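Enquirer: One structure is given below, represented as structure tokens, and several questions about it will come after.
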Amino acid sequence: MIRRPLPVIDTPRVPVTTTYHGEDVTEDYRWLEESSERTRAWTAAQDARAREYLESMPLYESIRSRVEEVLTVGSTTYARLTCGGASYFALKTQPPLQQPLLVTLPTLDDLGGERVVVDPNKIDESGATTIDWYVASPDGAHVAVSLSTNGTEDGMLHVYDVATGEPSDAVIPHVNSGTAGGSLAWRHDARGFWYTRHPAPGSVPDEDLGFDQDVWFHRLGSDPTGDGRDLSGVFADSRITENFLSASADGRWVMDRAQKGDGGEWQVFVRSQEDGSAWRLVADIDDKCIRAAFGGSSLFLLSVKDAPHGQVLRLDLSEDAGVAEARAVVPSGPVTIEEIAATAERLWVVDIDGGPSAIRCFDHDGVLLPDVDSPQVCSVEALTALGADQAGWAVETFVSPRHWWVQGDQDPRPRRTALDTVTPVHFTDIEVERVFATSKDGTRVPLNLLARKGTPRDGTAPTILYGYGGYAISLKPWFDPSWLPWLEQGCVLAIANIRGGGEYGQDWHHAGRLASKQNCFDDFIACADHLVETRVTSRDRLGLIGGSNGGLLVGAALTQRPDLAAAVVCAVPVLDALRSELSVNGAFNVTEFGTVRDPEMFRAMRAYSPYHNVQDGTPYPAVLFTAGEFDPRVQPHDAKKMTARLQEATSSDQPILLRMEHGGHGIGQSLDQQVGEVAAYLTFLFDRLGAPYGA
């Protein structure tokens with residue numbers, strides 16, 4: 001294992017004490033939250049230190065070269081499939097281009113007619129501009145596109161003429177933001193649209209910080225400064241609400257699904273598209289309708305009220321009725337209903353069972369139609385209605401790339417489209433094994449193991465354990481070429497489906513949020529122990545990796561069990577649980593994490609907050625932190641403060657590194673940035689886990 005002395009960076013200790021419910025909490029590095037010259041200088045020095053350390057390793061260039069080869073090899077992948085009029089639209093990733101393109105196709109059975117509509121790589125040759133989202137008009141003549149730069153996710157709305165690719169309307173600022181995102185629904189005549197908008201940065205007093213996302217209406221050709229705020233804003237709390245807008249295929253209705261906070265609390269509003277119509281509340285928070293989809297003259301609602309695994313309700317939109325008048329057409333069953341989509345005559349349901357998923361098809365009365373075949377351990381993703389009478393979805397596994405399927409109302413079976421992922425990267429000799437670890441309270445936790453055939457089970461295989469555990473987000477099987485440089489060297493990748501995710505429904509999510517958050521950490525620690533106990537790996541060959549909420553996960557594992565693993569990669573993490581709610585996005589996360597204003601929640605958060613549980617004189621393992629200077633989702637100072645605290649406290653000689661990115665949370669990263677980050681992660685892990693790297 002390579003060890004080299006690292007330069008010492010002067011990090012002043014400036015104690016600051018905050019009192020919570022009679023308890024004084026003192027920290028020394030709050031000054032790193034400042035946007036000051038000394039903070040910038042310290043951050044630059046830490047970043048230079050980390051990059052020099054990693055990039056000077058003999059194995060770095062070989063690893064980076066292989067990562068670049070894998071990620072920039074001639075390949076194509078399609079995402080976010082939609083339609084408008086007789087045309088289809090999709091985002092196409094095509095390395096070595098830095099950003100995905102928006103393309104249109106006349107058919108899904110032949111790519112010969114594919115044409116580029118919007119190319120961010122030509123708009124901005126630096127690769128810093130990305131497409132946040134897009135929505136095609138009902139006639140397919142125009143497409144509204146949100147573009148943002150440098151990972152800020154601060155979207156600017158552009159309307160393009162699909163035939164020419166030229167802008168055709170005024171630019172509207174601040175239509176998208178981190179976490180709150182943005183959305184848009186076209187009017188049936190394509191002469192205007194409802195859309196989300198935020199106040200200009202700096203226009204809201206600090207004490208009122210929040211998303212302040214409201215729904216507005218814009219008529220094509222008009223001055224956006226004259227756009228009117230729509231009435232949906234009077235129902236939802238704009239400070240902590242995301243609005244998800246959509247229109248019915250028949251052009252009669254528009255819907256706003258409003259999520260209040262990030263803990264799964266939803267309201268559903270609909271209104272007629274007729275001028276002068278008003279929004280009406282169809283389902284309130286207590287109705288627990290977490291998804292909704294138009295289909296024919298009905299609205300289908302996925303409700304978890306008295307049904308933790310979900311049931312689908314059907315509501316007739318022709319009547320002025322709400323969820324109380326809806327009837328169940330797909331009852332709750334043994335597996336969790338994750339997603340729904342509907343067309344004029346059919347209803348599609350995606351089920352998830354601990355991670356793997358499958359799809360079922362029904363008529364509008366809930367009669368099950370012939371089975372929709374899919375691989376046994378796969379991910380069914382991006383289920384969407386494509387116009388009035390066709391649905392589409394993507395399928396992938398851990399070892400096979402994404403491909404798209406469609407089925408029309410009159411089709412007896414789905415058919416595979418031409419939108420296959422084309423790549424020379426193959427996982428043909430990689431095996432997937434699904435096992436279960438036992439958590440502290442006896443809960444069985446799924447664990448997916450990826451390894452090359454014949455990998456020994458004698459404790460010698462270097463292994464990475466990855467997890468997330470939050471927001472009901474499920475870690476479903478997905479094909480990720482960036483792991484190939486690790487797996488092809490005889491190393492193991494373990495992916496944990498811990499509580500806090502949605503793998504087993506609402507109860508699984510709720511068992512890992514608020515005062516129960518510790519269950520996430522217990523599950524992850526149990527998975528790590530299982531890998532060692534079953535001789536998949538050993539302590540000195542085990543690494544942990546997680547990002548965002550997953551960064552909190554590995555940060556808590558690091559501080560609660562410093563002996564758990566030999567190396568940790570902690571990316572764009574939440575690490576100061578006591579102050580995270582003071583940021584714009586942090587206020588939104590209160591429904592997931594809780595608030596220090598509540599004495600019980602304060603005690604729970606204080607008990608696991610990684611930054612506040614670092615102990616002086618503890619031999620901590622090697623840690624690589626990463627952060628984005630323009631991250632709108634997690635404040636970069638969490639990683640900075642934790643770096644300073646660990647560098648001060650550790651008694652080991654293992655490196656504590658901070659690598660900064662000129663970007664955000666990783667969303668909209670350029671291809672070059674992706675290559676750089678993956679190369680850094682893998683170099684760090686190969687080195688710290690004593691894994692030899694060869695061709």
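Enquirer: Has the range 452-467 got any residue that is under 17 Å from Cys378 (Cβ atoms) and touching a residue at least 12 places away in the same chain (Cβ under 8 Å)? Can you show your working first?
Expert: Initially, the range 452-467 is screened for residues under 17 Å from Cys378 (Cβ atoms), giving none.
No, there is no match, as no residue in the range 452-467 is under 17 Å from Cys378 (Cβ atoms) and touching a residue at least 12 places away in the same chain (Cβ under 8 Å).
Enquirer: Next question, about the same structure. I'm trying to understand the selection: among the residues of the range 18-35, which are over 16 Å from Gly628 (Cα atoms) and either modelled with pLDDT under 95 or surrounded by 13 or more Cβ atoms within 10 Å (Cβ to Cβ) (or both)? So that I can check it myself, show each step before the final result.
Expert: As a first pass, look at the range 18-35 and keep what is over 16 Å from Gly628 (Cα atoms): 18-31.
Matches in the range 18-35: Thr18, Tyr20, Val25, Glu27, Asp28, Tyr29, Arg30, Trp31.
Enquirer: When Ser56 is evaluated against the numbered criteria (1) of a type in the set (S, T, N, Q); (2) within 27 Å of the chain's Cα centre (by Cα); (3) in the same structural domain as Gly668 (by TED's automatic domain parsing), which criterion, by number, is the only one it fails?
Expert: Result: Ser56 fails condition (2) only.
Enquirer: Scan the range 60-83 residue by residue and report those that are surrounded by 17 or more Cβ atoms within 10 Å (Cβ to Cβ) and among the hydrophobic types (A, V, I, L, M, F, W, C).
Expert: Once the filter is applied, which keeps residues that are surrounded by 17 or more Cβ atoms within 10 Å (Cβ to Cβ) and among the hydrophobic types (A, V, I, L, M, F, W, C), the range 60-83 yields Ile63, Val67, Val70, Leu71, Leu81, Cys83.
Enquirer: Only one residue in Val304, Val349 is within 23 Å of Leu281 (Cα to Cα) and in contact with a Lys or Arg (Cβ under 6 Å, 6 or more places away or on another chain), so which one is that?
Expert: On the way: Val349 fails: within 23 Å of Leu281 (Cα to Cα).
Result: Val304 is the single residue among Val304, Val349 that is within 23 Å of Leu281 (Cα to Cα) and in contact with a Lys or Arg (Cβ under 6 Å, 6 or more places away or on another chain).
Enquirer: Condition test on Gln259, is it crowded, with 16+ Cβ neighbours inside 10 Å and in contact with a Lys or Arg (Cβ under 8 Å, 6 or more places away or on another chain)? Spell out the reasoning first.
Expert: Working: crowded, with 16+ Cβ neighbours inside 10 Å: yes; in contact with a Lys or Arg (Cβ under 8 Å, 6 or more places away or on another chain): no.
Considered against the rule, which asks whether it is crowded, with 16+ Cβ neighbours inside 10 Å and in contact with a Lys or Arg (Cβ under 8 Å, 6 or more places away or on another chain), Gln259 comes out as no.
Enquirer: Within the range 577-594, can you find the residues that are touching an Asp or Glu at 6+ places or on another chain (Cβ under 7 Å) and at pLDDT 95 or above?
Expert: Taking the range 577-594 and keeping what is touching an Asp or Glu at 6+ places or on another chain (Cβ under 7 Å), we get 587-592.
Passing the criteria: none in range.
Enquirer: Hey, can you tell me all the residues within the range 637-655 that are acidic (Asp, Glu) and surrounded by fewer than 18 Cβ atoms within 10 Å (Cβ to Cβ)?
Expert: In the first step, residues of the range 637-655 are kept if they are acidic (Asp, Glu); the result is 638, 648, 653.
Those that are acidic (Asp, Glu) and surrounded by fewer than 18 Cβ atoms within 10 Å (Cβ to Cβ): Glu648, Asp653.
Enquirer: Report the residue count in the range 428-460 for those that are within 21 Å of Leu475 (Cβ to Cβ) and of a type outside the set (D, E, K, R).
Expert: Of the residues in that region, 15 qualify.
Enquirer: Would you mind stating whether Arg633 is within 18 Å of Leu32 (Cα to Cα), in contact with a helix residue (DSSP H, G or I) (Cβ under 8 Å, 6 or more places away or on another chain) and not aliphatic (A, V, I, L, M)?
Expert: yes
Enquirer: Continuing with the same structure: Please return the ranges of helices (runs of 4 or more DSSP H) entirely within the range 499-568 where 2 or more residues are of a type in the set (Gly, Ala, Ser). Outline the logic, then answer.
Expert: Numbers: elements: 506-510, 518-533, 549-560.
Here the list reads 518-533, 549-560.
Enquirer: Could you check the range 256-294 and list, in sequence order, the residues that are closer than 20 Å to Gly310 by Cα and among the acidic types (Asp, Glu)?
Expert: Asp262, Glu265, Asp284, Asp286, Asp287
Enquirer: While we're here: Of the numbered conditions (1) free of Cβ contacts under 8 Å to residues at least 40 places away in the same chain; (2) among the polar types (S, T, N, Q); (3) within 19 Å of Thr179 (Cβ to Cβ), Asn243 satisfies every one except a single condition; which is it?
Expert: Here Asn243 clears every test but (1).
Enquirer: Given the condition touching a helix residue (DSSP H, G or I) at 6+ places or on another chain (Cβ under 6 Å), without any contact (Cβ under 8 Å) to a residue 60 or more places away in the chain and farther than 27 Å from Gly512 by Cα, answer yes or no: does some residue in the range 304-326 qualify?
Expert: Yes, the range 304-326 contains at least one residue that is touching a helix residue (DSSP H, G or I) at 6+ places or on another chain (Cβ under 6 Å), without any contact (Cβ under 8 Å) to a residue 60 or more places away in the chain and farther than 27 Å from Gly512 by Cα.
Matching residues to (1) outside the structural domain of Gln674 (by TED's automatic domain parsing); (2) in a helix (DSSP H, G or I); (3) within 26 Å of Val623 (Cβ to Cβ):
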| position | (1), (2), (3) |
| --- | --- |
| Ala382 | yes, no, no |
| Val395 | yes, no, no |
| Glu433 | no, no, no |
| Thr460 | no, no, yes |
| Tyr471 | no, no, yes |
| Leu484 | no, yes, yes |
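Enquirer: With the condition kept exactly as written, say whether any residue in the range 401-418 is in a strand (DSSP E or B), aliphatic (A, V, I, L, M) and outside the structural domain of Arg561 (by TED's automatic domain parsing).
Expert: yes
Enquirer: With Asp110, Asp132 as the choices, which residue is outside the structural domain of Val584 (by TED's automatic domain parsing) and within 25 Å of the chain's Cα centre (by Cα)? Spell out the reasoning first.
Expert: Details: Asp110 fails: within 25 Å of the chain's Cα centre (by Cα).
Step by step, each of Asp110, Asp132 is checked, and only Asp132 is outside the structural domain of Val584 (by TED's automatic domain parsing) and within 25 Å of the chain's Cα centre (by Cα).
Enquirer: Would the range 289-300 turn up any residue that is surrounded by 15 or more Cβ atoms within 10 Å (Cβ to Cβ), modelled with pLDDT of 95 or more and not in a strand (DSSP E or B)?
Expert: No: zero hits.
The values are calculated or read from the model by the stated rules, or taken from the named source; none is laboratory data. Keep in mind that what you see is a predicted model, and the values were worked out from it rather than measured. Positions of Cβ are backbone-derived with ideal geometry, glycine not excepted, and every protein chain shown enters the neighbour counts.
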